Amino acid sequence: MGLKILTEHINIPGIETLEVYRKHGGYKSVEKALKTMSPDEVVEEVKTSGLRGRGGAGFPAGMKWSFLAKPEGVPRYLVCNADESEPGTFKDRWYMEKNPHGLIEGMITSSYALGANTSYIYIRGELMFVLRILEKAIAEAYAAGLLGKNILGSGYDLDLHVAPGGGAYICGEETALLESLEGKRGNPRNKPPFPAVKGLFQSPTVVNNVETISSVPWIVNNGGAEYAKVGIGRSTGTKLISASGNINNPGVYEIELGVPVEEFIYSDEYCGGIWKGRQLKAVVPGGSSVPILPANLILKTAEGENRLMTYESLSDGGFVSGSMMGSGAFIVFDDQQCIVRNTWNYSRFYHHESCGQCSPCREGTGWMEKVLHRIEHGHGHQQDIDLLVSVAKQIEGNTICPLGDAAAWPVAAAIRHFRDEFEWHIKHPKEATAPGAVYRGQLDTVTA
Amino acid sequence: MAKVTIDGIEIEVEDGTTILQAARQIGGKVVPPAMCYYGPLKGSGGKCRVCLVKVTQGSARDTRPMPKLVASCITQVQDGMVVENSTNEDVLNARKSIVEMLLINHPLDCPVCDQAGECSLQDLSYEHGVSATRYEEERRTFNKVDLGPYIQLHMTRCILCYRCVYTADQLTPERVHGVLGRGDAAEIGTYIENMVDNEFSGNVIDVCPVGALTDKTWRFKNRVWFTKPLDAHRDCPTCSGKVTLWTRGEEVLRVTARKDQYNEVEEFICNTCRFDKKETSDWTIEGPRHIDSSSVISANHYELPVLNVPIVPNLPVSTKKNLPQE
C-alpha cells in the first residue's frame, strides 16, 4: 500500500461531518498556516512540494500561485474548479462527496496563501447532491469559526461560496468558468490577459482543481519537502486515478506517482486485470481528450522502457508513441471493443460540447463526428481516413481554448494507432456493422 | 513606441497596438484578413481565426517564437516583435483550413444573396479558399427570421462573428438579440420572437460580414455592382448624417454608413437616415464614393479607368490570371 495523502481517512464513517473530520486531524493546516506562517511561506511550501495541477494540464501549482498579480486595493480570488466533466473522470465528485471538509480546508489554507477574502467552488450543475453536501459542510465550518470574519482569531477573513454551473463541459476551461461564474454565457476568453492578471470580475484570480487544492493541507502540515519525496522526478506526490472500462475493479485509486502502468492494470491492489480473462487492447490514460495508446505502447515506451504512471513517462514519445497524464481518467479497453465506435463516441461528445465561438472548433468537431458516424455505420470511403486526419490537424492549435485540441487528439491518435481497424470498417461495412462485430486483426498495430 | 517587423517590413507603432492594426498601418499584402474583428467595436475579435499569424520572435527581450499561431487582431505588439503573415507557409495553410471550415456550413448562395459583391467571406474565399469542397454531409440550415420591420436574419449564412451582438451592446440602449445554443447549433436569435427596434438597430446590417443580416428595404432590389455609390449628408438630429447612397438613376436604392477599405464604418448612422430617407431630395450629395475594396463592387464602378491600369486593380492574384491579358 502506498502513501495515502488524500484518502487516508476517507472511509471513516461520518468523515463528512466536522466533528469526525477534526477528530482525525482535520483543519490542522488552517491553524498552522494562519497562526504560524505568512502567506508567502505557504506559497513557498507549495512551490517546494512540486505539486502539479491535477485538472489535466499538469502546470506546477506553486508557480501558478506566484504569477498572481497583487495590485493594491484590488481583491483577489481563488476559484476551485469542480466542473469535472471529462468523460472517464470521476475522482473529484467522489472526493467531494466523501470528504467535503478536505476540500474546504484546502480552500481556506490556499485562499490565505493567495490573500483572497472571497473564494468560490464552481461545481458542475449535474452534481446537485454534492453541492448540498458541500453547503452543509460549509455551514458547519462557518458555525465553528473556520470561515467568515476573523478565522480562529487570526484576523483573516474568508467567505466561501459554492456556485453550480449549467452542466457544460466548456465551463471547465478556466476562463469560460470565470465567465459562467460572473453570470455570463460560458465562452472561453481570449488570452492574454491571463486570469492571474484579469480573472473573475476583472481581478487577479487563481483557478485550481479540487484535487490540487485538497493536497495543500497535507503539504502545509508535513512540509513541501516531505511531499516532494513522494513520486518520481517532477511528478511528485500522489494522484487520484479514476479507473474505468473493462477491468475487474473499476473505481478511484490514490497512487503514488511512479507506479508502473502494468502493475496498475494487473495488480489486485488496483484495477485487478482485464475482466472476463480477456486481452488488453488499448488504454486512454488521462481522460477522453488525450491520445489513445495500444496495449504494447501503454505498457512499454517506444524505447522499450516500462511506462510509469507519471506525467513524464506517459507523455514519453510525444504524440507519436505517447499520450498524457491528463486528469487521471484511466479508461481500459479489452479486445472485444471497437475503436471506431469509441472514437465516434468521443467525437460526438466534443461536437455536442463545443461552445461555438471560434470557427475551427465549431465547424470541425461536427464535421469529424459526421464522418466518423458514417464510417461506423458502414458508409465510409477510404479517403475519409485521411480526411479525418487532415480535419483534426486543421483544428489543432488554431482555436481559442484547448477544447479544439481535445477534440482533435483522440481522433488523430486512434487513426495513428488503429488505422487497420478503420480500413477494415470501410472495406467490410456489412461485417463491421453486424451486431457484436469485432475487428480481429493484429492488436498492437503501431505505425510509429 | 514599439518597433515591429511584419513580413520583413519594419514599422514603429504606439504601445498597445495590435498586430493587425500595425499591419494595416503598413497596408497592402501584409494585412491579415479579418472576419470577426471590427475596429469601431470594443472587445470584438479573436473568434473567426482567419487573422492567425506566426510570431517568429516574441520581442527584443524574449526572442523565442510563440509556440502557436496567434490571432493578430487581439495580440498586442511588443518592441522587437517579428511577425510573418503572407510569407509563412503555416499561416497560409491555417488560413486555408479556416476558410474551409467557414464554408462547410455556408449555403454558397451568392447568386441570390444581397451581400454578394461586398461580402467579406466571398473575398476571403476567393483569396484563400479552394474551388472544391471535401464536405459531403448535409449542411446546417435555418429558417429566415424577421427581426422587426427593417432587418431580416438569414442564419444559414451566419459565421457567428458576434459583431452584431457587440453593436447592439455598445450602440443601443438594450440588446434583444444574442447567441443562443452552442457548438454548431449556436445561432443568433431573439429567443422569444422579439423585435429589434431602436434608433440604431440598422447598424447590425453594416457590420455583418456576410449576408446574414440584410436590409429589408433593399432586399432583391438590385445587385450591388450595378448601383452607384455617392457620398451624401443631411442634417440629422440623431446621428452625424454622413452616409453613402447607393443609387440607380435618380432612385436611391439603399443608404449605408461610409465604410473604409476594411469594411469598417466611419460613423454609425441612425435608422431614419438608413431606412426612411430614400429620395435624392432628402440629401445633399457630395460626390462619388470611391470604393476601395477588393470586391467585385469596385469592378464596375463608374470612374473611368486610367489607361494601362488593369480594369480590376485590386482583385486577388488568382482571379487576375483568368482575365484576358492586354
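The values are calculated or read from the model by the stated rules, or taken from the named source; none is laboratory data. Being a predicted model, the structure only gives us computed values, none of them experimental. Ideal geometry is used to build each Cβ from the backbone, glycine not excepted, and the neighbour counts take in all protein chains shown.
Could you tell me which of the residues A:G366, A:G397, A:G356, A:G304 is assigned to a loop (DSSP other than H, G, I, E, B) and in contact with a helix residue (DSSP H, G or I) (Cβ under 6 Å, 6 or more places away or on another chain)? Please lay out each step first, then the result.
Values: A:G366 fails: assigned to a loop (DSSP other than H, G, I, E, B); A:G397 fails: in contact with a helix residue (DSSP H, G or I) (Cβ under 6 Å, 6 or more places away or on another chain); A:G304 fails: in contact with a helix residue (DSSP H, G or I) (Cβ under 6 Å, 6 or more places away or on another chain).
The unique qualifying residue is A:G356.
Does segment B:268-276 contain any residue that is hydroxyl-bearing (S, T, Y), in a strand (DSSP E or B) and under 21 Å from B:A168 (Cα atoms)? Let's see the steps before the verdict.
Pass one, segment B:268-276, residues hydroxyl-bearing (S, T, Y): B:272.
So of that shortlist, the ones also in a strand (DSSP E or B) come out as none.
No, there is no match, as no residue in segment B:268-276 is hydroxyl-bearing (S, T, Y), in a strand (DSSP E or B) and under 21 Å from B:A168 (Cα atoms).
Give segment B:180-217 a look and list any residue that's surrounded by fewer than 20 Cβ atoms within 10 Å (Cβ to Cβ) and polar (S, T, N, Q), or say none.
Correct list: B:T190, B:N194, B:N198, B:T217.
Quick check on segment A:332-353: of everything there that is in contact with a Leu (Cβ under 8 Å, 6 or more places away or on another chain) and not in a helix (DSSP H, G or I), which residue is farthest from A:H425 (Cα to Cα)?
Restricting to residues being in contact with a Leu (Cβ under 8 Å, 6 or more places away or on another chain) and not in a helix (DSSP H, G or I), the top hit is A:V332.
Mind listing whichever residues of segment B:106-150 are among the hydroxyl-bearing types (S, T, Y), surrounded by 16 or more Cβ atoms within 10 Å (Cβ to Cβ) and out of contact with any Ser or Thr (no Cβ under 7 Å at 6 or more places or on another chain)?
Restricting attention to segment B:106-150, the residues satisfying the condition of being among the hydroxyl-bearing types (S, T, Y) are B:120, B:125-126, B:131, B:133, B:135, B:141, B:150.
Among the residues that remain, those that are also surrounded by 16 or more Cβ atoms within 10 Å (Cβ to Cβ) are: B:120, B:125-126, B:135, B:150.
Within segment B:106-150, B:S120, B:S125, B:Y135 meet the criteria.
Mind checking whether some residue in segment A:227-250 is away from every other protein chain (no Cβ under 14 Å), at pLDDT below 95, in contact with a helix residue (DSSP H, G or I) (Cβ under 8 Å, 6 or more places away or on another chain) and assigned to a helix (DSSP H, G or I)?
Yes: one or more hits.
Name the single residue that is farthest from the other protein chains (Cβ to nearest Cβ) among those in segment B:21-62 being without any contact (Cβ under 8 Å) to a residue 60 or more places away in the chain and touching an Asp or Glu at 6+ places or on another chain (Cβ under 7 Å).
This residue is B:V30.
Report, ordered by the first and then the second residue, all pairs with beta carbons closer than 6 Å, sequence separation of six or more or different chains, a first member in segment A:378-401 that is in contact (Cβ under 8 Å) with a residue 60 or more places away in the chain, and a second member that is assigned to a loop (DSSP other than H, G, I, E, B).
A:I400/A:P188; A:I400/A:C358; A:C401/A:E173; A:C401/A:P188
Does segment B:92-105 include one or more residues that are more than 11 Å from chain A (Cβ to nearest Cβ), part of a loop (DSSP other than H, G, I, E, B) and either buried (at least 16 other Cβ atoms within 10 Å of the Cβ) or in contact with a Pro (Cβ under 6 Å, 6 or more places away or on another chain) (or both)?
no
Name the helices (runs of 4 or more DSSP H) wholly inside segment B:109-224 in which the number of residues that are within 14 Å of another protein chain (Cβ to nearest Cβ) is 2 or more.
Details: elements: B:120-128, B:163-171, B:203-207.
In segment B:109-224, the matching helices (runs of 4 or more DSSP H) lie at B:120-128, B:163-171.
Read through the list (1) over 30 Å from B:M101 (Cα atoms); (2) within 14 Å of another protein chain (Cβ to nearest Cβ); (3) in contact (Cβ under 8 Å) with a residue 40 or more places away in the chain, then give the number of the only condition that B:T18 fails.
If we test B:T18 against (1) over 30 Å from B:M101 (Cα atoms); (2) within 14 Å of another protein chain (Cβ to nearest Cβ); (3) in contact (Cβ under 8 Å) with a residue 40 or more places away in the chain, just (1) comes out false.
If a residue has to be of a type in the set (A, V, I, L, M), within 25 Å of B:V112 (Cα to Cα) and in contact with a strand residue (DSSP E or B) (Cβ under 8 Å, 6 or more places away or on another chain) to count, how many in segment B:145-198 make the cut? Can you show your working first?
So in segment B:145-198, the residues of a type in the set (A, V, I, L, M) come out as B:145, B:147, B:151, B:153, B:155, B:159-160, B:165, B:168, B:171, B:176, B:179-180, B:185-186, B:188, B:192, B:195-196.
Still in the list and also within 25 Å of B:V112 (Cα to Cα): B:145, B:147, B:151, B:153, B:155, B:159-160, B:185-186, B:188, B:196.
Pick out the ones that are also in contact with a strand residue (DSSP E or B) (Cβ under 8 Å, 6 or more places away or on another chain) and you get B:145, B:147, B:151, B:153, B:155, B:160, B:186, B:188, B:196.
Residues in segment B:145-198 being of a type in the set (A, V, I, L, M), within 25 Å of B:V112 (Cα to Cα) and in contact with a strand residue (DSSP E or B) (Cβ under 8 Å, 6 or more places away or on another chain): 9 in total.
Anything in segment A:391-418 that is within 21 Å of the chain's Cα centre (by Cα), among the aliphatic types (A, V, I, L, M) and within 13 Å of chain B (Cβ to nearest Cβ)? List them, or say none. Please lay out each step first, then the result.
Taking segment A:391-418 and keeping what is within 21 Å of the chain's Cα centre (by Cα), we get A:396-397, A:399-414.
Filter once more, keeping what is among the aliphatic types (A, V, I, L, M): A:400, A:403, A:406-408, A:411-414.
Scanning segment A:391-418 gives A:I400, A:L403, A:A407, A:A408.
Looking at segment A:328-357, I want the residues that are within 12 Å of chain B (Cβ to nearest Cβ) and on the phi < 0 side of the Ramachandran plot and have a partner that is part of a helix (DSSP H, G or I) and among the hydroxyl-bearing types (S, T, Y) with Cβ atoms under 6 Å, at least 6 apart or on another chain. Which pairs are those?
A:Y350/A:T365; A:H351/A:T365; A:E353/A:Y169; A:S354/A:T365
If you go through segment A:89-102 one residue at a time, how many are of a type outside the set (S, T, N, Q) and either out of contact with any strand residue (DSSP E or B) (no Cβ under 7 Å at 6 or more places or on another chain) or surrounded by fewer than 24 Cβ atoms within 10 Å (Cβ to Cβ) (or both)? Even if it seems obvious, please write down each step before you answer.
First, pick out the residues of segment A:89-102 that are of a type outside the set (S, T, N, Q): A:90-98, A:100-102.
If we keep only those that are either out of contact with any strand residue (DSSP E or B) (no Cβ under 7 Å at 6 or more places or on another chain) or surrounded by fewer than 24 Cβ atoms within 10 Å (Cβ to Cβ) (or both) as well, we get A:90, A:93-94, A:97-98, A:100-102.
Looking only at that region, the number is 8.
Could you tell me how many of the residues in segment A:374-428 are in contact with a Leu (Cβ under 9 Å, 6 or more places away or on another chain) and among the charged types (D, E, K, R)?
1
Could you tell me which numbered condition A:L146 fails, if it satisfies all but one of (1) assigned to a loop (DSSP other than H, G, I, E, B); (2) within 23 Å of the chain's Cα centre (by Cα); (3) in contact (Cβ under 8 Å) with a residue 60 or more places away in the chain?
The one condition A:L146 does not meet is (2).
Checking the structure you have, find out if any residue of segment A:144-161 is within 14 Å of chain B (Cβ to nearest Cβ), surrounded by fewer than 17 Cβ atoms within 10 Å (Cβ to Cβ) and of a type outside the set (F, W, Y).
Looking only at segment A:144-161, we keep the residues that are within 14 Å of chain B (Cβ to nearest Cβ), and these are none.
The answer is no; no qualifying residue exists.
Take segment B:63-91 and flag every residue that is within 9 Å of chain A (Cβ to nearest Cβ), touching a Leu at 6+ places or on another chain (Cβ under 9 Å) and either among the aliphatic types (A, V, I, L, M) or not in a loop (DSSP other than H, G, I, E, B) (or both). Don't jump to the end; show me each part of the working.
Quick first cut of segment B:63-91, residues within 9 Å of chain A (Cβ to nearest Cβ) only: B:67-69, B:71, B:74-76.
Add one more test, that the residue is touching a Leu at 6+ places or on another chain (Cβ under 9 Å), and what stays is B:68-69, B:71, B:74-75.
B:L69, B:A71, B:I74 - these are the residues of segment B:63-91 that are within 9 Å of chain A (Cβ to nearest Cβ), touching a Leu at 6+ places or on another chain (Cβ under 9 Å) and either among the aliphatic types (A, V, I, L, M) or not in a loop (DSSP other than H, G, I, E, B) (or both).
Which count do you get for residues in segment A:366-390 that are crowded, with 23+ Cβ neighbours inside 10 Å and within 7 Å of another protein chain (Cβ to nearest Cβ)?
The total comes to 2.
Collect the residues in segment B:237-254 that are within 21 Å of B:G39 (Cα to Cα) and in a strand (DSSP E or B), keeping them in residue-number order.
Quick first cut of segment B:237-254, residues within 21 Å of B:G39 (Cα to Cα) only: B:239-244.
Matches in segment B:237-254: B:K242, B:V243, B:T244.
Considering segment A:296-333 alone, what residues qualify as being surrounded by fewer than 20 Cβ atoms within 10 Å (Cβ to Cβ) and touching a strand residue (DSSP E or B) at 6+ places or on another chain (Cβ under 8 Å)?
The answer is A:L299, A:K300, A:N306, A:E312.
Are any residues in segment A:400-438 part of a loop (DSSP other than H, G, I, E, B) and surrounded by fewer than 23 Cβ atoms within 10 Å (Cβ to Cβ), and if so, which ones? Step through it out loud before you land on a result.
Applying the first criterion (part of a loop (DSSP other than H, G, I, E, B)) to segment A:400-438 yields A:400-402, A:428, A:434-438.
Result: A:C401, A:P402, A:H428, A:A434, A:P435, A:G436, A:A437, A:V438.
Test each condition in (1) more than 18 Å from A:S29 (Cα to Cα); (2) in contact (Cβ under 8 Å) with a residue 12 or more places away in the chain; (3) not aliphatic (A, V, I, L, M) for A:G73 and report the one that comes out false.
Result: A:G73 fails condition (2) only.
What number of residues within segment B:27-38 satisfy the criterion of being surrounded by fewer than 18 Cβ atoms within 10 Å (Cβ to Cβ) and either farther than 14 Å from B:V53 by Cβ or at pLDDT 90 or above (or both)? Walk me through it before giving the result.
So the first thing to find is which residues in segment B:27-38 are surrounded by fewer than 18 Cβ atoms within 10 Å (Cβ to Cβ), and the list is B:27-29.
Still in the running and either farther than 14 Å from B:V53 by Cβ or at pLDDT 90 or above (or both): B:27-28.
Counting residues in segment B:27-38 that are surrounded by fewer than 18 Cβ atoms within 10 Å (Cβ to Cβ) and either farther than 14 Å from B:V53 by Cβ or at pLDDT 90 or above (or both) gives 2.
Can you tell me which residues in segment A:422-437 are within 33 Å of the chain's Cα centre (by Cα) and either acidic (D, E) or more than 9 Å from A:G380 (Cα to Cα) (or both)?
Applying the first criterion (within 33 Å of the chain's Cα centre (by Cα)) to segment A:422-437 yields A:422-423, A:425, A:436-437.
Within segment A:422-437, A:F422, A:E423, A:G436, A:A437 meet the criteria.
Every residue in segment A:71-126 that is hydroxyl-bearing (S, T, Y) and part of a helix (DSSP H, G or I), please.
Looking only at segment A:71-126, we keep the residues that are hydroxyl-bearing (S, T, Y), and these are A:77, A:85, A:89, A:95, A:109-112, A:118-120, A:122.
A:Y95, A:T109, A:S110, A:S111, A:Y112, listed by residue number.
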